[in-house]
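Novice: Following this message is one structure expressed as structure tokens.
Bear in mind that the values in this text are calculations on the coordinates, not laboratory data. The model shown is predicted, which means the values in this text are computed figures rather than measured ones. Note that we place each Cβ from the backbone using ideal geometry, even for glycine, and neighbour counts take in every protein chain shown.
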Amino acid sequence: MERKRNITKLLARAGLLLVVAGALLLVASQAFGWTDTNGVQLSALSAIIVGIAMHVGALKAGSKY
């Protein structure tokens, strides 16, 4: 039971880390002028979406309700 709780916390933190990394990638792409290709923006957007899904999933898995 304790191991499951630790994995849930790790997934929640990893989800938040992905959201922050995606946001920083979006800011960096605007700052450095990487706006002519969609690859950087799509990878940042996918990191944010996956991070949100991981964080919400971990929070729901750790909840009693």
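Novice: For the chain, what value does the Rg/Rh ratio take when both radii are computed over Cα atoms and Rh is the Kirkwood radius, given to two decimals?
Specialist: Dividing the radius of gyration by the Kirkwood radius yields 1.17.
Novice: If you fit an axis through the alpha-carbon atoms of helix 2-31 and take the longest principal axis of the Cα set of the chain, what angle between them do you get, 0 to 90°, nearest 10?
Specialist: Tilt of helix 2-31: around 10 degrees.
Novice: Identify, among 63, 16, 32, the residue whose Cα sits farthest towards the positive end of the charge dipole of the chain, taking +1 on the Cβ of Lys and Arg and -1 on the Cβ of Asp and Glu, with the dipole about the Cα centre.
Specialist: 63
Novice: Go ahead and set up a Gaussian network model of the chain, Cα springs under 10 Å, then flag whichever of 33, 51, 22 fluctuates most.
Specialist: Comparing 33, 51, 22 in the GNM, the peak value goes to 33.
Novice: In debye to the nearest 20, how big a dipole does the chain give about its Cα centre with +1 on each Lys and Arg Cβ and -1 on each Asp and Glu Cβ?
Specialist: Numbers: 7 positive and 2 negative charges, 121 e Å.
Dipole size: approximately 580 debye.
Novice: How far is helix 39-62 tilted off the main Cα axis of the chain, in degrees rounded to 10, range 0 to 90?
Specialist: On a 0 to 90 degree scale, this one is about 10.
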